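K.L.:
Got a structure for you, questions after.
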Amino acid sequence: MQYIKKDLGSFKLHLIKTDKFKTVTLRVVFHSPIKKEEITIRNILTDILLQSSKEYNSRRDLTIKAEDLYAADITTNNQRVGNYIVSSFILQVLNDKYTEKNNLDESIKFLSEIIFNPDVLNKEFNKEKLDIVKNNAVVALNSIKEDASSYSLIRLAEAFDKNSPLSYRMTGYLEDLEDINEANLYKYYEKMIESDYVDIFVVGDFDNDEMLSTIKKYFKFKKLKKKKEDYFLKIKKCNSKRLFAKETIDNTQSKLAIACPVNKLTDYERNYPLILANIILGGGTDSKLFSEVREKNSLCYTIHSFFNKVDNLLVIAAGIDKDNAVKTIDLITKQLNELKKGKFLEKDINIAKEFYNTAVEEISENEHRIINDYLSRELLGTDSIDERIDKMNKVTKQEIIKASKKIGMDTVFLLEGVKNAEN
């Protein structure tokens, strides 16, 4: 795999050349410091841009054009990365080797049309299309509790620190949706195009000079921008007394979620020893939480942990019977304390390292993972795949213990199921 980065002033272009795939994948990434009141309008904007454009006046017209380009696939998504909101416009299309000459160029032009030439008249988006997108959003927002696992994590974050970007709902908010109209949506669109930091990633088998020329032709951003906000969240200090929050839900199963802030980590600890600590605790297939809480004591249906290094937060999540909540929390606390005391074996470390290395090695097997990897390097300063494997293999037990001692246990949220299992 060959990687070249070009700083084109108003945006950065990342060319990742490989002949492993039959497709070329291009992702245009907009990122901006996140504001809670802008999440909903951002979601509406990325959705409406896929409804129509000036040249392709309906969703059907866009679909027909995509099919003409050998089933070119264009999608969007919004996510929070620490203190930033990151919006991606993604094109995946067959390489010209398998289609016809200039199909790739036409596909990139098509993506540019969707981003830069929206269905706008007199600086207002099309009302009919906006109503469709807003109605879809209402349905999605009203069904947020249907995925109890995801909802419990949202509520945990809000209980943990309601003022932090950590607690912002990336699904958006109904109260903000009501205020969005054709005019202010276009103003927000202009703001995103003019003010957001932009990275463009391309993965596939292509000529670098030709791709550079194509990108310059179809993607023109006027302003030079410099990032001011750090991506990494400053996590709040762990409370001396654990916080408990609860909500009921119409479900037979309850969801337990625990926020464990990790303070004063070094970059090395964040990227290596604490990653292994999490895998040993609950992030791997043979973790302590799975073995002790689920297998030996039968206190839960599912249990796992994950560490978000950008947020400096480790989260433990479990599906349980509500009557087992106290016992489950006690046993989770015990497992975390034993991790801090070093009550695990070299065998556990080796299994965790193997688990990590396998996951990292698999990055190169998928175009989207490759882009995510290079995006992480660009935004967060993450090491290369080879460097990560090399450094991870050298992590010692004492380093894992030292890092794990920085894990607190701050907030426990129980989404308590109240449905009778027999009904």
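The values are calculated or read from the model by the stated rules, or taken from the named source; none is laboratory data. Remember, it's a predicted structure, so these values are computed and weren't measured experimentally. Here the Cβ positions follow ideal geometry from the backbone for every residue, glycine too, while neighbour counts run over all protein chains shown. With ligands, DNA and RNA removed, areas are computed over all heavy atoms of the protein, side chains included. Shrake-Rupley method; radii C 1.70, N 1.55, O 1.52, S 1.80 Å.
K.L.:
For the chain, evaluate the Debye formula with one uniform point scatterer on each Cα (no solvent term) and list log10 I(q)/I(0) at q = 0.09, 0.11 Å⁻¹, rounded to two decimals.
P.N.:
Relative scattering, expressed as log10 I(q)/I(0), comes to -0.66, -0.96.
K.L.:
Oh, and also: Can you return the aspartates and glutamates within cross-link range of K397? Criterion is Cα-Cα under 19 Å, with same-chain partners fewer than 8 residues away left out.
P.N.:
Of all the aspartates and glutamates, those that pass the test against K397 - Cα under 19 Å, at least 8 places apart if same chain - are D267, E269, D286, E338, E346, D348, E354.
K.L.:
For the pair K391 and K22, what calculated FRET efficiency results from E = 1/(1 + (r/R0)^6), where r is the Cβ-Cβ distance and R0 = 25 Å, to the nearest 0.05? Spell out each step's value before the answer.
P.N.:
Working: r = 33 Å, r/R0 = 1.34.
Computed FRET efficiency for K22 and K391 comes out at 0.15.
K.L.:
As a test of the formula, what do you get for the chain when each DSSP H run with n ≥ 4 contributes -39,500 (n - 2.57) and the sum is divided by the residue count, at 222 nm and rounded to the nearest 500 deg cm²/dmol? Mind dumping the intermediate values first?
P.N.:
Values: 15 runs with 166 residues, N = 423.
It comes out at -12000 deg cm²/dmol, rounded to the nearest 500.
K.L.:
Between the stretch 1-42 and the stretch 256-271, what is the C-alpha centre distance in whole Å?
P.N.:
27 Å
K.L.:
On a full-extension model of 0.36 nm per residue, what is the gain between T358 and K241, subtracting their alpha-carbon distance, rounded to one decimal in nm?
P.N.:
Numbers: separation 117, 0.36 × 117 = 42.12 nm, distance 3.86 nm.
Additional length available on full extension: 38.3 nm.
K.L.:
Post the alpha-carbon centroid distance, the stretch 301-347 to the stretch 167-202, in whole angstrom.
P.N.:
That distance is 36 Å.
K.L.:
Mind checking the per residue accessible area of the stretch 143-247 for me, 1.4 Å probe, whole number of Å²?
P.N.:
Numbers: 6100 Å² over 105 residues.
Per-residue value: 58 Å².
K.L.:
How large a share of the accessible area of the stretch 199-260, in percent, is made up of carbon and sulfur atoms when the probe is 1.4 Å and the other protein chains stay in place? Could you put the intermediate results ahead of the total?
P.N.:
Numbers: 1830 of 3840 Å².
Of the solvent-accessible surface of the stretch 199-260, carbon and sulfur hold 48 percent.
K.L.:
Most mobile of Q253, Q398, Q335 per a Gaussian network model of the chain (Cα springs, under 10 Å)?
P.N.:
Checking each option, the largest mean-square fluctuation is seen for Q398.
K.L.:
Let me ask another. For a 23 Å ceiling on Cα separation, which of these pairs sit above it: K134/K217; K246/K419; K187/K223; K36/K405; K6/K225; K12/K391?
P.N.:
On the way: K134/K217 33 Å; K246/K419 16 Å; K187/K223 17 Å; K36/K405 32 Å; K6/K225 15 Å; K12/K391 28 Å.
Check vs 23 Å cut-off fails for K134/K217; K36/K405; K12/K391.
K.L.:
Could you list the residues of the stretch 91-133 with an amide nitrogen less than 20 Å from a label point located 7 Å from the Cα of N181 in the Cα-to-C-beta direction?
P.N.:
What the label zone holds, given the 20 Å backbone N cut-off, is 119-133.
K.L.:
³J(HN,Hα) across the stretch 12-19 via Karplus (A = 6.51, B = -1.76, C = 1.60, θ = phi - 60°), whole Hz, x for Gly/Pro?
P.N.:
10, 10, 10, 9, 10, 8, 7, 9
K.L.:
Can you give the FRET efficiency to the nearest 0.05 for E365 and V138, using r as the Cβ-Cβ distance and R₀ = 51 Å?
P.N.:
Calculated transfer efficiency: 0.85.
K.L.:
For a quick protection proxy, order the peptides 67-74, 266-273 by their average other-Cβ count within 10 Å, most packed first. Kindly include the intermediate steps, with their values, before the conclusion.
P.N.:
Values: 67-74: 16.4, 266-273: 18.0.
In decreasing order of mean packing, 67-74, 266-273 become 266-273, 67-74.
K.L.:
Something else about it: Compute and list, largest first, the equivalent-ellipsoid semi-axes of the stretch 1-117 from the alpha carbon gyration tensor, each √(5λ) rounded to a whole angstrom. Don't skip to the answer; put the middle values down first.
P.N.:
Numbers: eigenvalues 127, 88, 25 Å².
They are 25, 21, 11 Å, listed largest first.
K.L.:
Sort the following peptides by mean Cβ neighbour count (other Cβ atoms within 10 Å, averaged over residues), highest first: 129-139, 405-415, 108-118.
P.N.:
Details: 129-139: 15.5, 405-415: 21.9, 108-118: 19.2.
Taking the mean over residues of other Cβ atoms within 10 Å, the ranking is 405-415, 108-118, 129-139.
K.L.:
Among the listed pairs K145/K241; K309/K353; K17/K191; K17/K394, give every one whose C-alpha distance is greater than 25 Å. Could you put the intermediate results ahead of the total?
P.N.:
Numbers: K145/K241 29 Å; K309/K353 18 Å; K17/K191 32 Å; K17/K394 30 Å.
Flagged as over cut-off: K145/K241; K17/K191; K17/K394.
K.L.:
Next question. Report the calculated FRET efficiency for Q2 and L224 (r = Cβ-Cβ distance, R0 = 25 Å), to the nearest 0.05.
P.N.:
Values: r = 27 Å, r/R0 = 1.10.
My answer for the efficiency is 0.35.
K.L.:
Something else about it: Need one number: % antiparallel among DSSP beta bridges in the chain, to the nearest 5. Kindly include the intermediate steps, with their values, before the conclusion.
P.N.:
Working: 57 of 70 bridges.
Around 80 percent antiparallel, to the nearest 5.
K.L.:
Can you order the peptides 315-326, 176-187 by their average number of other Cβ atoms within 10 Å per residue, highest first?
P.N.:
Numbers: 315-326: 19.4, 176-187: 15.3.
Going from most to least packed, we get 315-326, 176-187.
K.L.:
Answer with one residue from G82, T99, T63: the one whose Cα lies farthest towards the positive end of the charge dipole of the stretch 49-139, charges on Cβ with Lys, Arg +1 and Asp, Glu -1.
P.N.:
G82
K.L.:
While we're here: Calculate the length of the line joining the C-alpha centroid of the stretch 353-416 to that of the stretch 219-241, in whole Å.
P.N.:
Centre-to-centre distance over Cα atoms comes out at 20 Å.
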